[in-house]
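These notes are about the structure you will find just below.
The values are calculated or read from the model by the stated rules, or taken from the named source; none is laboratory data. As the structure is a prediction and not an experimental result, all values here were calculated from the model. Every residue, glycine among them, receives a Cβ derived from its backbone with ideal geometry; neighbour counts consider all protein chains shown. Accessible surface is based on the protein model in full, side chains and every heavy atom, while ligands, DNA and RNA are left aside. Shrake-Rupley method; radii C 1.70, N 1.55, O 1.52, S 1.80 Å.
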Amino acid sequence: MNRVTRIEHSLIEHFLAQVRDRNTPSISFRAMVRRLSLLLAYEATKDLPTEAVQVETPLATVEARRLSQRIALVPILRAGLGMVDAVLDLLPEAEVRHLGFYRDERTLQAIEYYKKLPPSNPVDLALVLDPMLATGGSAVAALDAMQQWGVPKVKLLSILAVPEGIARVNSAFPETQIYVCAVDSRLNDSGFIVPGLGDAGDRIFNARA
């Protein structure tokens, strides 16, 4: 089952042009990642369940609605950190839980080096944040961590994806909804998205060699 939503919006096209540009400095790159993340989160949260509440305005009592679920943001370290603040702007009461993986450059497999999750009491919804859905190794490892925690619903938010990564997530976790700004053509031999935008973590944190 292919559960991918590619968001079509003129602002996304505009911001994507800037994050793809190799000459965009880190300070501008971070700003564009933040804006793209905000648009991704807006789309991914539009179907969240709400409950009725009574609100006292300065003039009267009105029936309103508020979110009814406990939500966690789960950035995949380190690049996912660049998406957190934007999503917190929309969901300021969300929990933030961190997962860390590095990629074995020989096998391209995701190796876990950090996981900070409580042993029980899972949230109702987890939004996994990772700018790049490339091989899908880190995404599948993160989704597996959410499953082990007992989270009933998980959504994956990525700025760029490729068919290989989407297929891997779909195969392992067919019920997971994936939200992306663009689907690029392929992976190169080193496991990087082409045409892509380079190493998102290096560019977010100005850590390029």
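For the chain, what proportion of DSSP beta bridges, expressed in % and rounded to the nearest 5, is antiparallel?
40 percent
Leaving out ligands and nucleic acids, and using a 1.4 Å probe, what accessible area per residue does region 148-200 come to in Å²? Each step should come with its number before you reach the end.
Details: 2080 Å² over 53 residues.
That works out to 39 Å² for each residue.
Largest first, the three principal axis extents of the alpha carbons in region 99-209 are 40, 27, 25 Å in whole numbers.
Say a site is exposed when it is one of the trypsin sites (Lys or Arg not before Pro), sits in a DSSP loop, and has at most 11 other Cβ atoms within 10 Å; what is then the longest site-free stretch of the chain?
Numbers: sites that count: Arg22, Lys46, Arg106, Arg208.
The longest uninterrupted stretch comes out as 107-207.
Under 8 Å for C-alpha pairs, at least 6 residues apart: give me the relative contact order for region 1-96, rounded to a whole percent. It would help to have the intermediate numbers written out before the result.
Values: 80 pairs, mean separation 22.9, N = 96.
24 percent.
Accessible area per residue was computed with a 1.4 Å probe on protein heavy atoms; Glu13 scores about 100 Å².
Quickly estimate the mean residue ellipticity at 222 nm for the chain, helices only: each DSSP H run with n ≥ 4 gives -39500 (n - 2.57), and the total goes over all residues, rounded to 500. If you can, show how the numbers build up before the last one.
On the way: 6 runs with 68 residues, N = 209.
Here the helix-only value at 222 nm equals -10000 deg cm²/dmol.
Rounded to the nearest 10 degrees, the angle from helix 10-20 to the longest Cα principal axis of the chain is 40 degrees. With contacts taken as Cα pairs under 8 Å at a separation of at least 6 residues, the chain carries a relative contact order of 25 percent.
Computed over protein heavy atoms with a 1.4 Å probe, the carbon and sulfur contribution to the accessible area of the chain reaches 50%.
Please grab the % of Cα pairs in region 1-62 that end up more than 15 Å from each other. Don't jump to the answer; show the numbers that get you there.
Details: 1244 of 1891 pairs.
Everything past 15 Å amounts to 66 percent.
GNM on the chain, alpha-carbon springs under 10 angstrom: the most fluctuating residue among Asp184, Asp104, Asp21 is Asp104. Remark on the chain: hydrodynamic radius 17.7 angstrom, per the Kirkwood mean of 1/r across alpha carbon pairs.
If you take the alpha carbon atoms of region 14-130 and fit the smallest convex hull around them, that volume is 158 Å³ per residue.
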